[in-house]
Each structure stands twice: as C-alpha cells, then as structure tokens.
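The values are calculated or read from the model by the stated rules, or taken from the named source; none is laboratory data. Note that the structure is predicted; figures quoted are calculated from it, not measured. Here Cβ is always computed from backbone atoms with ideal geometry, including for glycine, and neighbour counts include all displayed protein chains. When the accessible area is computed, the model is the full protein with side chains, heavy atoms only, and any ligands, DNA or RNA have been set aside. Shrake-Rupley method; radii C 1.70, N 1.55, O 1.52, S 1.80 Å.
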Amino acid sequence: MPTIHDWINNPLGVVDGFFAQSNSSPDWQKKVVEYFKEKLKQNDAHTWVPSLNDVPMHYLKPNSFVKFRCIVQDMFDPEFFMGVYEMNDPTSNSKLLKCGKYKDVTECGVDFNSRNTVTSERQTFYCVPIPGESQWVKESYAGTSQARVVPSTSYAPNRHKRSYEEDDEMDTQPQLMKDLNQGAQSSADSHGNMEPKRQETEAPNQNSSTSCCTSNLDLNFPLPGEKGPACLVKVYEEWDSFKLNEMLEVFGILSVDPALSMIADEREVSSLLDPTEGMETVEEQRVHSPPASLVPRVHMLYAQPLLHNNPLLPPGTLEDNGDYLNSVLGELAAVRAELLTYLTHVLLGDSLAAEYLILHLVSKVYSRRDVLPLGKFTLNLSGCPHSTQYTDHLYKVIQQLVPSSYRLCMSLHNMNNQHMVPRKDYTANRLVSGTLQLANNTSLFLDETQLEQGQLNTTGVQNITALGNLISWQKVDYDFNYHQMEFPCNINVLIASEGQSLLPSDCQVHLRPTLNPPNLEEYLSAVQVAQIPPQLNKYRIYLSVARALNYTISDEITKAVEEDFVDMRKDDPQSMSAEDLHRLLVVARLLSLSHGQNTLSRDGWMKAKQLEALRISRTQQQKCMNGNEP
C-alpha cells in the first residue's frame with residue numbers, strides 16, 4: 001500500500017493496492033472511494049489537491065489526484081471498459097490480473113481471450129467551469145490552495161501555480177505542442193494555424209456560424225470569452241444522482257494520455273474508410289473523443305455538489321455550520337447598513353432603489369408550487385441614464401458582490417444573433433450550449449438601455465420569449481429539434497432600462513437620482529475604488545448568508561396579514577389584488593432575511609408596506625409625467 005503522502009501523486013497505486021486485496025475483500029471498490037473521502041476530510045487536505053481551475057495543464061502530473069469546480073454541461077451515452085483484464089507478464093512468464101478502473105488506456109500484453117476479463121460500464125459528463133464566475137471568486141479559491149505543483153516540462157517559471165488568465169501570457173506551451181504532435185496534429189491542421197493557447201482556454205464567439213458546433217476545438221462554453229479547461233468526467237457510481245447544469249467540485253484521477261488522441265484519429269480514419277466500422281459519425285467522434293491535451297479526462301472518485309461557489313463561506317448548508325452562522329448573524333444588520341450606503345451612492349443617491357436592489361440580491365427560488373416558482377424577485381430598475389458608462393459601472397458593482405454573473409447587452413444585433421437557448425445537435429450527438437445555460441444563483445444583468453429601434457428576426461423573437469419564460473417561470477426550454485425539454489433554473493434577473501422594460505418583472509423601481517455629478521465616470525469610479533477588499537468581502541458574505549437563511553411565518557403573523565389584507569380592500573377592492581399581496585409577502589420575506597431575521601415580525605410587515613407604498617407612489621407619479629408610457 002502506498003505511503004500516506006502518495007494518495008495525491010499516485011492515486012492509481014492506492015487503487016491497485018485495494019484491488020490486490022479483492023479476493024479477501026469483495027467490496028474493495030467502496031473502500032477505495034471511502035479512503036479518498038476520509039483523506040479529504042483530514043486537516044483541510046482538499047486544499048492540497050491541485051485544481052484544474054487555476055493550475056495550467058502542463059503543471060499537473062498525469063494520473064495524479066486533482067479537483068475541478070464546474071457545472072455539468074452535457075451528459076454523453078454510457079461507455080464500456082475493461083474493469084478487470086488479464087495480461088501476460090514477460091518477466092515471470094505468468095498471467096497477471098490488472099484493474100482497468102479509473103484508466104482510459106490498458107497496458108500492453110492484454111489477453112483478450114481470457115475468461116477473467118470483466119466488462120464494466122461508466123458514464124461520461126462533459127463539464128465546464130462555472131459560467132460567469134467572478135474574478136474575485138477565482139482568485140480567492142486559488143489563494144487558499146496549498147497544492148505543490150511544478151511544470152511537467154523543462155520550462156520552469158518561478159511560481160507554484162498560475163491562473164488560466166495569467167497563463168495566456170506565456171509564449172509557449174511545450175506539453176500541449178508535444179501532445180498535439182503525438183496524435184492530434186489533424187485537429188490543429190483543421191484550423192490552418194497553430195493557436196493552442198486560444199483553443200485550449202477560450203470559448204468561441206457565439207455569434208459565429210453555427211457550423212462551428214461540430215468542430216473538435218469548440219469547447220462549448222455557455223458564455224463567450226470564457227477561459228479555463230473543459231473536462232470529460234468519467235463517473236462510475238450513482239451517475240443518475242447528478243443533474244444537468246449542477247455545480248460540482250469533482251475529485252478524481254487526471255488522464256491526459258496522448259494515446260487517447262491517436263485512438264480518436266484512428267477511429268475517425270477507419271470510419272471514413274469503412275462506414276460500417278462504427279455507428280458514430282465523424283462529428284460525434286470529434287466531440288466525444290477530443291485530444292486529451294485540449295479536453296483532459298478526470299476519472300471521478302468523489303464529487304461534492306456545490307450549494308454555492310462563494311469561497312468566503314464554508315461548504316455545505318448553514319445548518320451544518322452552526323458556529324459559523326452564529327458568528328456572522330450578529331454583524332448582518334451593521335453590514336446591511338454599510339451596503340445600503342454604498343449602493344445608494346452607486347444609484348446616484350436613491351436610497352429606495354438601493355433598498356430594493358438589496359432585496360433583489362438576496363432573493364432566490366426557495367420552492368415550487370406546481371409551475372409557480374416561489375421567492376423569485378426580478379427587479380426592473382427603470383430610469384437609468386442612457387449611457388453605457390452607467391450600466392457598465394452598475395454591472396461591475398454587481399460583479400464585485402456576487403459569485404457568478406453575466407451582463408447581456410440587449411442590442412438589436414445581440415438579440416438577433418446570439419443563441420441563448422441550448423439545442424441538441426444530433427449529428428455530433430451533443431447539447432450545444434447557449435447563453436441561458438447558467439448555474440443556479442447566477443445574476444443575469446439585462447442591459448435594455450442598449451436596445452435600439454429595429455426589427456427582431458426569428459432568433460430575436462425566440463430569445464425575447466426565452467428571457468420572458470426565464471423571468472416568469474424560472475425555466476429554460478431547451479431545443480431538441482422535434483420537441484422542447486423544460487429545465488428549471490434559479491437565476492436572479494436584474495433589468496436596467498430607460499422606461500418600463502419590455503420584459504416582465506416582479507417589481508419596477510424608477511430611479512430618482514438626488515446626485516448630479518459633473519463627471520459621471522469619475523464619480524462612479526471613485527465610489528468603487530473607495531470600497532477596500534475587506535469591506536467587499538463583508539458584503540459578499542452578507543449576501544450569501546442572507547440568501548441561505550431559512551424563513552418561516554408564524555400562525556399569529558399569518559392571521560394578522562390576512563386581517564390586514566381584508567382591511568385594505570374594504571374601502572377600495574381594486575387597491576390590493578392577490579398579485580399585490582403576493583408581491584408584498586415576497587418583499588416582507590426578503591426584507592426580514594436582509595436583516596438577518598428568519599421569521600416575519602409585525603415591524604417587518606409594516607416596513608414592507610411602507611416600502612411598497614413609496615415605490616408604487618413613485619411609479620404612479622412617473623406614469624403621470626410620461627403619459628405615453630404604459
């Protein structure tokens with residue numbers, strides 16, 4: 001059995017050690033998984049595991065233990081492999097049983113006629129980094145890593161780890177070139193030039209021709225411009241428990257054997273020469289068997305579903321971290337007041353809009369009743385200055401506060417050309433990603449101030465419909481050509497517009513600035529610079545904790561709310577509809593959570609009523625001023 005320090009550098013040695021005991025221990029496979037789980041629990045051992053998110057591929061030792069923070073972008077068909085095989089040992093001239101689990105390539109000398117061969121099945125997930133993950137999140141995760149990695153080539157920069165963004169500045173990638181020369185030359189030649197850095201780390205522009213969907217160099221990231229690796233994750237147990245778009249931290253064995261590229265090329269050539277050789281198309285082979293230098297394989301030993309990707313919080317639920325929760329609850333009210341002041345400055349002195357922006361940022365879908373998602377709070381911030389400078393800065397503020405976000409400029413060109421809804425490509429047998437394939441808790445910033453007059457084409461109409469369905473029902477209908485498949489989501493949508501948005505929203509707040517700085521750009525930049533990192537970290541923790549708190553309403557408060565509703569409708573039944581009551585209850589819930597309270601009080605209910613009265617009064621005044629506005 002390998003020493004205690006070898007489980008990261010030589011995990012296959014651990015597996016082989018347990019396999020050697022398989023005759024006396026039939027449940028050796030379970031013991032392998034338990035072994036690594038226990039190792040990860042000891043003394044923050046998970047921080048010693050190199051991460052594919054922030055360590056370049058050529059710094060990682062093949063067949064070492066790694067981790068990957070990602071979402072499941074696609075699920076391929078199950079595949080068969082040799083779980084146990086027999087080989088001829090030339091030194092002793094005898095037969096040896098070998099374990100094929102957690103490997104892509106078997107050793108030489110396999111006896112294919114052996115009766116001891118065991119064929120097993122595994123599932124393959126195509127996983128990509130969490131779309132729209134903020135830079136502060138990536139830097140924080142990388143900063144807590146204690147992994148010791150060195151380049152696997154003679155090129156040895158003086159550092160232990162480097163992010164993918166920084167690695168773009170490197171002049172060469174020797175290991176990538178080596179792998180490409182050994183078996184993936186055709187994949188590079190298909191583009192007519194050698195651009196391994198862009199091909200490995202950058203998502204293609206989604207406005208390009210759809211013909212690129214079958215290219216073996218398209219990493220199929222949901223958002224344009226994304227960087228980082230895509231991985232084929234091989235799953236051996238309970239793959240039915242995982243879901244599409246689920247956030248995971250995968251722990252497994254890295255496989256980047258160049259032979260995988262040669263095998264893929266041989267299969268492609270054989271299928272061209274003899275179409276009956278296999279059922280897969282050339283496009284499908286390219287997608288499902290890409291060069292390992294571009295898309296490494298990770299053989300999963302353990303995967304932890306991520307409830308959030310905020311590195312400042314402990315993993316798991318708040319209930320599982322009671323001591324931590326108690327330590328931060330007492331500070332929430334003070335941090336909320338500081339955040340309110342900050343957002344008031346960002347919103348040009350409008351404290352009411354800042355209040356509603358906080359409520360929006362702590363909202364989430366906490367339950368579904370039939371098709372109705374409960375808890376969503378899409379905010380339409382109307383009255384925004386028609387200036388890209390303002391919406392740029394507003395989005396940067398959101399980006400600084402939340403773990404994942406994406407800004408969608410709703411220009412006519414983007415609406416008519418972007419593919420927002422994922423669709424099934426039956427030729428390549430894969431799900432082609434779209435802008436709306438996002439992880440839960442992502443903040444989607446819709447910049448409607450960029451929308452100009454013009455005609456929406458078919459794609460534009462489909463995109464507007466998809467955004468409306470996302471906002472109203474928190475779902476995206478994926479396009480499977482012959483039918484649509486509904487995928488529920490939990491995405492916070494903030495709409496910045498000049499007038500009332502053309503999209504639906506749960507709440508509209510018209511911006512009413514009290515500040516008129518002579519230079520908007522300088523003012524907004526100064527407001528942002530004034531927030532030092534420790535203060536921003538307080539805001540980030542506050543928002544994540546407030547979102548995760550459980551919430552209940554006592555029977556006493558429920559009865560009081562019902563009586564209040566009846567009283568409000570006595571004089572004018574039209575003054576308070578059921579929809580108005582629902583929104584008021586949502587505001588009351590979010591207001592309580594934003595103050596660190598997990599139940600509604602009478603004071604909280606009255607405060608919610610006051611906020612809504614101020615907002616509605618302002619909206620009605622604005623409608624009177626703009627008679628042509630709906």
Inset, instruction - Pop out the carbon and sulfur fraction of the accessible area of region 454-544 as a percent, whole number, probe 1.4 Å. - result: 53
Legend entry - Pairs beyond 32 Å (Cα-Cα), from K234/K475; K31/K227; K37/K424: K31/K227; K37/K424
Inset, instruction - Enter the Cα centre distance for the pair region 54-124 and region 135-150, rounded to the nearest angstrom. - result: 29
Inset, instruction - Within 10 Å, count the other beta carbons around each residue, average over each peptide in 508-514, 445-451, 430-436, and list them highest first. - result: 430-436, 445-451, 508-514
Inset, instruction - Please work out the C-alpha center-to-center distance from region 507-528 to region 550-627 and express it in whole Å. - result: 28
Inset, instruction - Pairs of Cα atoms under 8 Å, at least six residues apart: use those to get the relative contact order of region 452-579, whole percent. - result: 11
Inset, instruction - Using only alpha carbon pairs under 8 Å that are at least six residues apart, calculate the relative contact order of region 461-515 and give it in whole percent. - result: 29
Legend entry - Protection proxy ranking of 30-36, 610-616 - average other beta-carbon atoms within 10 Å, highest first: 30-36, 610-616
Legend entry - Full-extension gain in nm, I616 to N457, via 0.36 nm per residue minus C-alpha separation: 53.7 nm
Legend entry - Environment charge of R430, counting only residues whose C-beta is closer than 11 Å and scoring Lys/Arg +1, Asp/Glu -1: -3
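What is the packing order of peptides 102-112, 6-16, taking the mean over residues of other C-beta atoms within 10 Å and listing the highest first?
Averaged packing, sorted descending, gives the order 6-16, 102-112.
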Legend entry - Alpha carbon centroid spacing (whole Å) that separates region 10-25 from region 376-453: 49
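Going by a ≥ b ≥ c, the root eigenvalues of the Cα gyration tensor, does region 477-630 fall in the rounded group (a/c under 1.5), the prolate group (a/b larger than b/c) or the oblate group? Provide the component values of the computation, followed by the final result.
Values: a/c = 1.23, a/b = 1.21, b/c = 1.02.
Because its axes are fairly even, with a/c under 1.5, region 477-630 counts as rounded.
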